Amino acid sequence: MKNSFFCILMTGALACGSPFALHAQTDVTDTYLVNPSFETYLEGWEFDDLLPQSNDGLATKDGATYVEKWIGTGNPVGSGGVSQTIPSMANGTYQLTVAAHNIRQDNSDPQSGAYIFADEVREPVHAGGDYSLTFTVVEGRATVGFRAEDATGNWLACDNFRLYLVDDSQEAILKELQARVDNAIALASEKMQQNVSSELQAAIAAARQLLESPADEKIPAAAVRLHDAYEAAKTSAQAFADLQEAIDKVTTAAAEGGTGTAALDGAVQTAQAVAGNLNSSLEELTEALDNLTLATLTYCVNNPTDAAPDVKTDTRYARGATVAFGRSTIEGMSYNDLLEHGFCWSPIRIPPSSTTVRPNTSATTATSMSCAR
């Protein structure tokens, strides 16, 4: 009797300790991943600025090789990464574990900007060690990897990708599908192109039907359709939102009058027509936003609210294949009040001289540029 009671307590403790405690983990690394420890260099991987290294810089590496990106101490390493797409994968919940680091060699503080990922799930990477995340596959495919976006460390590294199947129950798969349906329903209320909205609604309906009457073999196709429709809807909704935001800002400025108001009004009217048409293409939305942005800049330059700064470019400059270095001085305005400033490069030679450029509509958001060639 005591033994039976003890077993019941232990089972309860395990169940409470982890949502996956009742499902044994199965190592499926070799089943799905190609070259998980980079022992055959970058075979099987898509890579961006991370390259194989065979030293012992990554203490938790597996085998002789890992991948890294390094830059001199005191400088941020920036962006880069490696990824691998698994085209055919059984649906279920998985755990991804990776040895990695994102460090500064002159500072022990935690660094930001790097993470391991599986599809949309991310886990930040800081000091060296193993990092893990769980994700659920419903599309019969997945992409895993390590990525940095403006990482603050000066040394990125990763190795020893491991993949474990945690839970392949229908319950776990349907739970993930339901979460994706909920996200799609929330997005469907936003303004987007009519054809994109129709496909999103159809994809939601197909996924909901499977949630009500599950058929395992049909879930991947429905999930892929929902994913593609959701991504298209996000792009479309963002394009409409960006254009409307620009229209709202410009409408306030145009109401004040000034030089070039008619041209700005025309750009606003064109943009409003595009924004009001749910059959507008992405190209039309982008073009309307670009034209409105240019018209706004022209209006602001022609209607300064303060004295224009005086910009003088130095005739001396250094130019390489991909970068150029030049100098300029800006007088008549505080440096902190400038929104942006820089050099305009043109195939037309402009004689070196003092060039005056008007600021933006507000002294606190002035724009100045200088030209030299």
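The values are calculated or read from the model by the stated rules, or taken from the named source; none is laboratory data. As the structure is a computational prediction, the values presented were derived from the model and not from experiment. Cβ sites come from the backbone with ideal geometry, for glycine too, and all protein chains shown count toward neighbours. The area values use the complete protein model at the heavy-atom level, side chains included, leaving out ligands, DNA and RNA. Shrake-Rupley method; radii C 1.70, N 1.55, O 1.52, S 1.80 Å.
One residue alone among 264, 292 is among the aliphatic types (A, V, I, L, M), out of contact with any Phe, Trp or Tyr (no Cβ under 9 Å at 6 or more places or on another chain) and open to solvent by less than 70 Å² (accessible area, probe 1.4 Å), and that residue is 292. Every residue in the range 143-160 that is under 27 Å from residue 176 (Cβ atoms), surrounded by fewer than 24 Cβ atoms within 10 Å (Cβ to Cβ) and touching a Phe, Trp or Tyr at 6+ places or on another chain (Cβ under 7 Å), please. Selection gives 145, 147. Picking from residues in the range 47-62 that are out of contact with any Gly (no Cβ under 6 Å at 6 or more places or on another chain) and either within 9 Å of residue 81 (Cα to Cα) or not polar (S, T, N, Q) (or both), the one that is surrounded by the fewest Cβ atoms within 10 Å (Cβ to Cβ) is 56. A single member of 206, 246, 221 is under 28 Å from the mean Cα position of the chain (by Cα) and within 15 Å of residue 180 (Cα to Cα), and it is 221. Conditions first: (1) at pLDDT 95 or above; (2) outside any helix (DSSP H, G or I). Residue 239 passes all but one, so which condition is the exception? The one condition residue 239 does not meet is (2).
Across the range 1-32, the qualifying residues are those that are part of a loop (DSSP other than H, G, I, E, B) and open to solvent by 100 Å² or more (accessible area, probe 1.4 Å), and the one among them that is modelled with the highest pLDDT is 25. Of all residue pairs spaced 6 or more apart or on separate chains, those with beta-carbon atoms under 8 Å, a first member in the range 319-339 that is more than 13 Å from residue 309 (Cα to Cα) and a second member that is open to solvent by less than 50 Å² (accessible area, probe 1.4 Å) are 326/313; 326/314; 326/372; 327/313; 327/314. Quick check on the range 201-217. Is at least one of its residues over 30 Å from residue 40 (Cβ atoms), open to solvent by less than 20 Å² (accessible area, probe 1.4 Å) and in contact with a strand residue (DSSP E or B) (Cβ under 7 Å, 6 or more places away or on another chain)? No; the residues of the range 201-217 include none that is over 30 Å from residue 40 (Cβ atoms), open to solvent by less than 20 Å² (accessible area, probe 1.4 Å) and in contact with a strand residue (DSSP E or B) (Cβ under 7 Å, 6 or more places away or on another chain).
The set of residues in the range 63-85 being hydrophobic (A, V, I, L, M, F, W, C) and open to solvent by 50 Å² or more (accessible area, probe 1.4 Å) consists of 64, 70, 71. Exactly one residue among 317, 335 is open to solvent by 60 Å² or more (accessible area, probe 1.4 Å) and in contact with a strand residue (DSSP E or B) (Cβ under 8 Å, 6 or more places away or on another chain), and that residue is 317. Candidates 90, 64: the one that is assigned to a loop (DSSP other than H, G, I, E, B) and touching a Ser or Thr at 6+ places or on another chain (Cβ under 8 Å) is 64. Residues in the range 140-157 that are within 17 Å of residue 118 (Cα to Cα), part of a strand (DSSP E or B) and touching a Pro at 6+ places or on another chain (Cβ under 7 Å): 0 in all.
Exactly one residue out of 35, 102 is open to solvent by less than 50 Å² (accessible area, probe 1.4 Å) and not in a loop (DSSP other than H, G, I, E, B): that is 102.
Are any of the residues in the range 115-136 surrounded by 21 or more Cβ atoms within 10 Å (Cβ to Cβ), closer than 29 Å to residue 181 by Cα and either touching a helix residue (DSSP H, G or I) at 6+ places or on another chain (Cβ under 7 Å) or among the polar types (S, T, N, Q) (or both)? Checked against the condition, which is being surrounded by 21 or more Cβ atoms within 10 Å (Cβ to Cβ), closer than 29 Å to residue 181 by Cα and either touching a helix residue (DSSP H, G or I) at 6+ places or on another chain (Cβ under 7 Å) or among the polar types (S, T, N, Q) (or both), the range 115-136 yields at least one hit. Looking at the range 262-285, I want the residues that are assigned to a helix (DSSP H, G or I) and have a partner that is surrounded by 14 or more Cβ atoms within 10 Å (Cβ to Cβ) and acidic (Asp, Glu) with Cβ atoms under 7 Å, at least 6 apart or on another chain. Which pairs are those? Pairs that qualify, where the first residue is assigned to a helix (DSSP H, G or I) and the partner is surrounded by 14 or more Cβ atoms within 10 Å (Cβ to Cβ) and acidic (Asp, Glu), are 274/284. The residues of the range 175-189 that are in contact with a helix residue (DSSP H, G or I) (Cβ under 8 Å, 6 or more places away or on another chain) and either open to solvent by 30 Å² or more (accessible area, probe 1.4 Å) or within 30 Å of residue 58 (Cα to Cα) (or both), listed by number, are 178, 180, 183, 185.
Within this structure, residue 354 passes the test of being of a type in the set (Gly, Ala, Ser), modelled with pLDDT under 70 and surrounded by fewer than 16 Cβ atoms within 10 Å (Cβ to Cβ).
Quick grid of which residues meet (1) out of contact with any Ser or Thr (no Cβ under 8 Å at 6 or more places or on another chain); (2) modelled with pLDDT of 90 or more; (3) farther than 14 Å from residue 244 by Cα:
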position: 277; (1), (2), (3): yes, yes, no
position: 286; (1), (2), (3): yes, yes, no
position: 300; (1), (2), (3): no, no, yes
position: 307; (1), (2), (3): yes, no, yes
position: 320; (1), (2), (3): yes, no, yes
position: 325; (1), (2), (3): yes, no, yes
position: 331; (1), (2), (3): yes, no, yes
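Residues in the range 86-99 that are over 12 Å from residue 166 (Cα atoms) and crowded, with 19+ Cβ neighbours inside 10 Å: 86, 89, 98, 99.
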